[in-house]
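Scroll down for the structure; my scribbles are underneath it.
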Amino acid sequence: MANWIPLWLHKLSSPPAFYRFAGALRPWAITLALLLGLVALYGGLVLAPPDYQQGDDYRIIFIHVPCAWMSLFIYGVMGVAAFIALVWRIKLAEVVAMASAPIGACFTFITLVTGSLWGERMWGTWWTWDARLTSELVLLFLYLGVIGLYHSFEDRRQGARTAAFLALIGIVNVPIVHFSVNWWNTLHQGSTIRLLGPSSIAPSMIWPLLTMMAATKLYYVASLFGRTRTDLLALESGKDWVRQIAETEGRA
Amino acid sequence: MHELRRPSLGHACMAVLRRDLTLAWRQRGDMLLPVLYALIVTSLFPFALGPEDALLRRIAGGAVLVTVLLAMLLALDAMFRSDIEDGSLEQLMLAPQPLAVMMGMKILAHWLATAVPLIVIAPLLAGMLHLPAPVIPVLLLALLLATPLLSLFGGVLVALTAGTRRSGMLLALMLLPLCVPVVIFAAGALAAAQEGLPWIAPIAWLGAALVMAVVLAPLACAAALRIALDS
């Protein structure tokens with residue numbers, strides 16, 4: 001097996017290496033995210049045909065569903081990073097976990113807002129105590145708890161580790177959100193897209209959805225890298241590599 | 001010269017339990033506060049919703065449940081407060097006995113001091129809202145299983161906030177996601193009992209969750225405390 005992959009990952013976990021790596025990748029990620037997002041919006045809002053049942057109202061799906069996916073995906077990333085931070089005490093993992101929380105909270109909030117707008121048109125109500133809605137709301141509270149706990153410590157590394165523990169406790173909720181539509185058959189519709197096997201959604205509607213999903217993922221990468229870079233600079237402000245960056249950028 | 005004997009685990013557990021209960025008993029006034037709070041909140045419901053029996057009877061179970069949970073949240077903040085301030089928590093962490101067991105004892109003492117008085121007055125609260133008498137045993141059973149669960153979850157979260165200055169509101173925010181399933185199952189049992197349906201399934205779920213929590217929560221509490229106070 002190639003030996004260079006673990007070696008490369010090991011090197012990447014050092015803050016200066018990650019700082020440079022993230023700085024190089026971030027512009028690409030944000031450009032691609034914008035491009036794909038525009039293409040997906042055009043495909044979803046203009047090219048895709050209206051739904052036979054919901055008319056044009058269903059088009060909010062192109063925002064709602066990718067954001068909902070991201071809200072769970074980011075919690076997963078945060079949970080993995082939190083686990084790594086607690087077990088191996090890698091500083092970068094702490095920073096990644098804590099930088100993910102606000103982005104995830106935003107996606108969860110967008111999911112709730114767009115879902116409530118969509119629900120008003122389709123179900124005639126802004127909010128209902130349906131299993132999936134409730135567990136998504138609980139997810140938002142989990143994110144807010146992690147952010148709040150992180151900021152209530154004076155020492156940022158200690159705050160990050162403590163909040164990482166809370167994130168690990170809360171990870172129980174992720175499968176509940178994901179499977180809630182299958183377990184409890186309430187108002188929220190079942191999932192129509194499957195990675196394995198045929199999806200029950202028209203191809204003209206699915207490609208903008210998948211493109212938007214890629215766009216949100218890339219946006220997350222770009223945003224995460226930006227936040228991580230800033231946090232690393234703040235956390236390592238006494239170190240030599242930060243001083244060098246400050247000197248070269250100050251001169252330029 | 002005889003060497004220092006290490007006290008057995010049972011002795012240490014009893015010592016922690018007795019100490020915490022003595023401390024709670026010396027401050028009986030603090031023990032009464034959650035009870036008073038629950039009484040006040042319950043007596044506000046008829047004012048807010050109107051005194052019709054049918055309406056009150058329908059909401060009684062859930063209202064008592066939520067009131068008891070909120071009253072417990074009120075007392076949760078103080079679980080380890082004085083022990084952190086006078087340094088006895090650090091001594092417990094240095095002690096040769098496993099920290100998880102000691103934390104379990106502290107949580108048990110806290111449950112005895114705050115939740116048991118609330119459970120004792122729960123029939124009174126239920127009576128104030130005209131909960132039908134046959135449902136009251138189910139309410140007590142649900143509370144007997146739900147309140148230790150909350151104490152255990154709360155113990156973990158209080159341990160996480162042990163190193164911070166302000167924690168009251170934050171604690172509520174963190175506890176909410178964890179206590180949602182507890183409330184759902186306890187309220188499910190009450191609703192079933194009120195409609196004359198079998199109510200044992202949700203109670204069994206609560207019991208299963210409690211068994212898991214009794215095993216896992218003290219371990220998580222000890223781990224959280226080591227993370228939060230490690231500096």
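We did not get these values from a lab; they are worked out from the coordinates using the rules stated. Bear in mind that the values here come from a model prediction, so they are computed numbers and not experimental data. Using ideal geometry, Cβ is built from the backbone for each residue, glycine included, and neighbour counts are taken over all protein chains shown.
What list do you get for A:136, A:247 if you sort them by fewest beta carbons within 10 Å?
A:247, A:136
Can you give me the relative contact order of chain A as a percent, contacts being Cα pairs under 8 Å and 6 or more apart?
About 32 percent, as a whole number.
According to the Kirkwood expression over distinct Cα-Cα pairs, how big is the hydrodynamic radius of chain A, in Å?
Result for chain A stands at 19.9 Å.
On average, how many beta carbons from a partner chain sit within 10 Å of the beta carbon of a residue in A:149-162?
Counting other chains' Cβ atoms within 10 Å and averaging over A:149-162 gives 4.
What relative contact order, as a whole-number percentage, does chain B give when Cα pairs under 8 Å and 6 or more residues apart are counted?
26 percent
Any chance you could check the Cα centroid distance between region A:215-252 and region A:1-50 for me, in angstrom?
Their Cα centres are 16 Å away from one another.
Peptide A:163-169: average number of partner chain Cβ atoms within 10 Å per residue?
The per-residue average across the peptide is 5.
State the Cα centre-to-centre distance between region A:75-154 and region B:88-140 in whole Å.
Centre-to-centre distance over Cα atoms comes out at 31 Å.
According to the square roots a ≥ b ≥ c of the eigenvalues of the Cα gyration tensor, what is the shape class of region A:32-154, taking rounded for a/c under 1.5, prolate for a/b larger than b/c otherwise, and oblate for the remainder?
Cα axes put region A:32-154 in the oblate bin.
Using a Förster distance of 22 Å, how high is the FRET efficiency between residue B:183 and residue B:31, based on the Cβ-Cβ distance and rounded to 0.05?
With a Förster radius of 22 Å, E is 0.40.
Tell me the relative contact order for region A:36-98 as a rounded percent, counting alpha carbon contacts under 8 Å between residues six or more apart.
21 percent
Under 17 Å from a label point 7 Å along Cα→Cβ of residue A:157: give me every residue in region A:90-107 with its amide N that close.
So the set is A:90-99.
For chain A, what does -39500 (n - 2.57) per DSSP helix run (n ≥ 4), summed and divided by total residues, give at 222 nm, in deg cm²/dmol to the nearest 500?
So the helix-based figure for chain A works out to -26000 deg cm²/dmol.
When the dipole is taken about the Cα centre of region B:9-229, and only Lys, Arg (+1) and Asp, Glu (-1) are charged at their Cβ, what size is it in debye, to the nearest 20?
That gives region B:9-229 a dipole magnitude of about 220 debye.
Along Cα→Cβ, 7 Å out, is where each label goes; now give me the distance between the ones at residue B:90 and residue A:89 in nm to one decimal.
In this crude spin-label approximation the distance works out to 1.9 nm.
Tell me, rounded to the nearest percent, the portion of alpha carbon pairs in region B:9-229 spaced more than 22 Å apart.
Cα-Cα pairs in region B:9-229 separated by more than 22 Å: 51 percent.
Once you order the gyration tensor axes a ≥ b ≥ c over the Cα atoms, which shape class does the protein assembly as shown get: rounded for a/c under 1.5, otherwise prolate or oblate by comparing a/b with b/c?
Taking the square roots of the gyration eigenvalues as a ≥ b ≥ c, the protein assembly as shown is oblate.
Stretched out fully, how many nm does the piece from residue A:7 to residue A:28 gain, at 0.36 nm a residue minus the Cα gap?
Gain on extension, residue A:7 to residue A:28, equals 5.1 nm.
Neighbour counts of other C-beta atoms within 10 Å: give me B:152, A:32 arranged from fewest to most.
By the 10 Å Cβ count, ascending: A:32, B:152.
With 5 Å bins from zero, work out the P(r) of region A:1-70 over every alpha carbon pair and list the percent per bin.
Histogramming region A:1-70 at 5 Å steps yields 3, 13, 13, 15, 12, 10, 10, 8, 7, 6, 3 percent.
Is the C-alpha gyration tensor of region B:1-100 telling us rounded, prolate or oblate? Criteria: a/c under 1.5 is rounded; beyond that, a/b larger than b/c is prolate, otherwise oblate.
Prolate, since a/c reaches 1.5 and a/b exceeds b/c.
Calculate, for residue A:127 and residue A:234, the FRET efficiency according to 1/(1 + (r/R0)^6) with r their C-beta to C-beta distance and R0 35 Å; round to the nearest 0.05.
0.35
Mind checking which lysines have their C-alpha under 26 Å from residue A:239, skipping anything on the same chain fewer than 8 residues away?
A:11, A:91
Mind checking the full-extension length gain between residue B:47 and residue B:195? Use 0.36 nm per residue of separation minus the Cα-Cα distance, one decimal, nm.
50.7 nm
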